[in-house]
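What follows is a set of notes on a single structure, which appears directly below.
The values are calculated or read from the model by the stated rules, or taken from the named source; none is laboratory data. The shown structure was predicted, so the numbers you read here are calculated from the model rather than taken from an experiment. Cβ sites come from the backbone with ideal geometry, for glycine too, and all protein chains shown count toward neighbours.
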Amino acid sequence: MSQEHTPPSGVDRVLQRLCDASATIGGVVLVAIACVTVVSVIGRAFFSHPILGDVELVQLGCAVVVASFLPYTQFRQANIIVDFFTTGASESTQRKLDAFGTLLYTLVMGLIAWRVAVGGVDIKANQETSMLMALPLWIPYTLMVPGLALCSVIGCVQTLQHLGWIAKEDA
């Protein structure tokens, strides 16, 4: 993991705070999922009575957790990068390739955010629920959209920074 730093001001500072908030929400949901799992396993092992729909809760919660952690990872540029073919390239070429890769990431995250939002609206209109617990499925979809949209915003800023169109705010 990259070292912690606080950007001095501007866009990077706002994005960092939003990423931290998103990751905190994801962490709270992850702890809740872990608690549900522990209670269900204990209930199953000792009382022959697990939580009904525990798998549904874990599945829905994991989707929210992943979408909440993605902005934190992108902001810190901690995604896996395969640079085997570019290690010998010039710094300028590497920067342009990084900009292109970040742009592709941004476009894909924007597409996913849009489709998840549309899917959530459709699911709410159709009143779809989970099978065992009858939980409204639009809720986790709605909770995923902010994290995915934040990834797109971060990607836009980072693409512009790679291209040198806006300055990086290093501490």
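Filter the range 62-109 for residues that are in a helix (DSSP H, G or I) and hydroxyl-bearing (Ser, Thr, Tyr) and give the result.
SER68, TYR72, THR73, SER92, THR93, THR102, TYR105, THR106
So that you can scan it fast, the table gives a plain yes or no per residue for (1) under 17 Å from LEU15 (Cβ atoms); (2) touching a Gly at 6+ places or on another chain (Cβ under 9 Å); (3) buried (at least 16 other Cβ atoms within 10 Å of the Cβ):
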{"site": "THR129", "(1), (2), (3)": "no, no, no"}
{"site": "MET144", "(1), (2), (3)": "no, yes, yes"}
{"site": "GLY147", "(1), (2), (3)": "yes, yes, yes"}
{"site": "ILE154", "(1), (2), (3)": "yes, no, yes"}
{"site": "GLN158", "(1), (2), (3)": "yes, no, yes"}
{"site": "GLN161", "(1), (2), (3)": "yes, no, yes"}
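Inclusion of ARG44 among residues that are in a helix (DSSP H, G or I), of a type in the set (Lys, Arg) and under 19 Å from VAL153 (Cα atoms) is not warranted.
Only one of THR159, THR93, THR73, THR87 is closer than 30 Å to GLU56 by Cα and polar (S, T, N, Q). Can you tell me which? Walk me through how you get there before you give the answer.
Working: THR159 fails: closer than 30 Å to GLU56 by Cα; THR93 fails: closer than 30 Å to GLU56 by Cα; THR87 fails: closer than 30 Å to GLU56 by Cα.
That would be THR73, the only listed residue that is closer than 30 Å to GLU56 by Cα and polar (S, T, N, Q).
Tell me, yes or no, whether the range 100-109 has at least one residue that is at pLDDT 95 or above, surrounded by fewer than 16 Cβ atoms within 10 Å (Cβ to Cβ) and more than 19 Å from HIS162 (Cα to Cα). No: the range 100-109 contains no residue that is at pLDDT 95 or above, surrounded by fewer than 16 Cβ atoms within 10 Å (Cβ to Cβ) and more than 19 Å from HIS162 (Cα to Cα).
Give the number of residues within the range 21-53 that are in contact with a helix residue (DSSP H, G or I) (Cβ under 7 Å, 6 or more places away or on another chain) and at pLDDT 95 or above. Working first, answer last.
So in the range 21-53, the residues in contact with a helix residue (DSSP H, G or I) (Cβ under 7 Å, 6 or more places away or on another chain) come out as 22-23, 25-26, 29-30, 32-33, 36-37, 40, 49-51.
In the following step, the residues that additionally are at pLDDT 95 or above were identified as 22-23, 25-26, 29-30, 32-33, 36-37, 40.
Number satisfying all stated conditions: 11.
Are any residues in the range 50-105 more than 30 Å from THR142 (Cβ to Cβ) and in contact (Cβ under 8 Å) with a residue 12 or more places away in the chain, and if so, which ones? Once the filter is applied, which keeps residues that are more than 30 Å from THR142 (Cβ to Cβ) and in contact (Cβ under 8 Å) with a residue 12 or more places away in the chain, the range 50-105 yields ILE81, ARG95, LYS96, ASP98, ALA99.
Taken over the range 32-80, the criterion of being crowded, with 16+ Cβ neighbours inside 10 Å and among the hydroxyl-bearing types (Ser, Thr, Tyr) is satisfied by THR37, SER40, SER68, TYR72, THR73. Would you confirm whether or not the range 112-127 contains a residue that is exposed (fewer than 14 other Cβ atoms within 10 Å of the Cβ), farther than 30 Å from ILE51 by Cα and out of contact with any Gly (no Cβ under 8 Å at 6 or more places or on another chain)? Yes: the range 112-127 contains one or more residues that are exposed (fewer than 14 other Cβ atoms within 10 Å of the Cβ), farther than 30 Å from ILE51 by Cα and out of contact with any Gly (no Cβ under 8 Å at 6 or more places or on another chain).
Among the residues of the range 74-111, those identified as more than 15 Å from CYS156 (Cα to Cα) and within 17 Å of the chain's Cα centre (by Cα) are ALA78, ASN79, ILE80.
Counting just the residues of the range 129-155 that are polar (S, T, N, Q) and not in a strand (DSSP E or B), which one comes out nearest to ASP54 (Cα to Cα)? Can you show your working first?
In the first step, residues of the range 129-155 are kept if they are polar (S, T, N, Q); the result is 129-130, 142, 152.
Filter once more, so that each one left must be not in a strand (DSSP E or B): 130, 142, 152.
Details: SER130: 11, THR142: 20, SER152: 32 Å.
For the range 129-155, the residue satisfying everything is SER130.
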